[in-house]
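Below: one structure, written as structure tokens.
Each reported figure results from applying straightforward, stated rules to the coordinates on display, with no laboratory input. Just so you know, these numbers come straight off a predicted model, no measurement behind them. Positions of Cβ are backbone-derived with ideal geometry, glycine not excepted, and every protein chain shown enters the neighbour counts.
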Amino acid sequence: LVPMDGSMLAEKVLPHVVTISRTFDARVTVLRAVERTPCSGDESAIDPLNWEIRKSEAEAYLEEVSARLAEVDLEVDHVLMEGSAAERIIGFTQSEDVDLIVISSHGRSGLSEWNINSVVQKVILGAYAPSLVVRAYQPVPADLTELHYRRVLVPLDGSQRAECVLSLASALARSRPAGSQGAKVLLAHVVAEPEAPRQLAMTDEERELVERLTELNRKQAREYLESVVSRLSVNAEPHVLEGNTPVALHELVEAQDVDLVVLNAHGYSGEAAWPYGSVALNFIAYGSTPLLIMQDIPRGEMEKTEAEKAAQEHSGH
């Protein structure tokens, strides 16, 4: 599913759509939601002529985008919907069992200091579906067929949950235009120093214990990543990092010029109370590269937030 709003920023997703669709032989649906605008001074009145013109323009735009994708041999259709963009995207995702949402971080409202706009935030938090967020402030090739990933980062915490994305990342790494090399997959595990919050400094004995445990974790992390590398049929490279997990991963992204981050929504500590774990949320809010997140908890198993419960109770009155 490719939500569009008619802006150049939203169209930054199109080269990614081509690459992913070709990799997985996927059918593409381009969606645009048009919200009714009340007449000036009357919140309940809608100018019927203006409304029909806006719908016709939106339909023409969808046909133009669909034609561009069809020209590069994608199977594509389009859908025009009425109403709130976020609500319609989420509703379509759920009703049509969408496999992946590919969405730009910003659209017609323009770039802002926020890493994603409000519509994207609502979609990411409410759709409970795999999503690729393309950073609208990053350049993409003018030719829709020229994008290919060179370095793909896969953060791993040792859990089977986190490893669920390995086949996806490997497939994207193998996908490449003729004459180019496949991507390198960077497998990263962060070793954090054990914490013992206290007012007094640690004793020499306690410090020695922490260092021994940290070294053991380093050793196990190296062995773990090497075992994962041996299972993959792509060019993979292990990276054992230390420190704060999000900070270490962001530094690796910058140092290695990573152009795609692929991670699972949850790892070891994943809870059904939240759609994303702390690392995934951090990359949504602060990441600067395209981010592909696989959602491992179905919507029906997710616990409702207090806001959702209150909204449902209110709408029922």
**Study point:** Helix axis angle, 85-95 relative to the chain longest principal axis, alpha carbon, degrees
**Key:** 80
Review point. Each label point is 7 Å from the Cα along the Cα-to-Cβ direction; what then is the distance between the points at Glu96 and Ser7, in nm?
Key: 2.2
Review point. Using alpha carbons only, how many degrees (0 to 90, rounded to 10) separate the axis of helix 306-315 from the longest principal axis of the chain?
Key: 20
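Could you tell me which of the pairs Lys55/Lys122; Lys12/Lys309; Lys184/Lys219 are separated by over 27 angstrom between their Cα atoms in the structure shown?
Among Lys55/Lys122; Lys12/Lys309; Lys184/Lys219, the Cα-Cα distance tops 27 Å for Lys12/Lys309.
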Check your understanding: How far is helix 14-24 tilted, in degrees, relative to the longest principal axis of the Cα atoms in the chain, given as a value from 0 to 90 rounded to the nearest 10?
Key -> 70
**Study point:** Only Lys, Arg (+1) and Asp, Glu (-1) charged, at Cβ; the chain dipole about Cα centre in debye
**Key:** 560
Check your understanding: Say we join alpha carbon atoms closer than 10 Å with springs in a Gaussian network model of the chain; which of Met294, Met202, Met81 then has the biggest fluctuation?
Key -> Met202
Exercise for review: Please give, to one decimal in nm, the separation of the simple spin-label points placed at Ser227 and Thr145, each 7 Å out from Cα toward the Cβ.
Suggested key: 4.4
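Within 10 Å of each candidate Cβ there may be at most 12 other Cβ atoms; applying that plus a DSSP loop requirement, which trypsin sites (Lys or Arg not before Pro) in segment 226-312 survive?
Sites meeting the loop and neighbour criteria: Lys304.
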Exercise for review: Based on the mean of other Cβ atoms within 10 Å per residue, sort peptides 283-289, 87-93 so the most packed one is first.
Suggested key: 87-93, 283-289
Point to revise | Pair Ala70, Glu242: separation of 7 Å Cα→Cβ label points (nm) | key: 5.8
Review point. What are the principal axis extents of the Cα atoms in segment 232-305, in Å, biggest first?
Key: 39, 29, 22
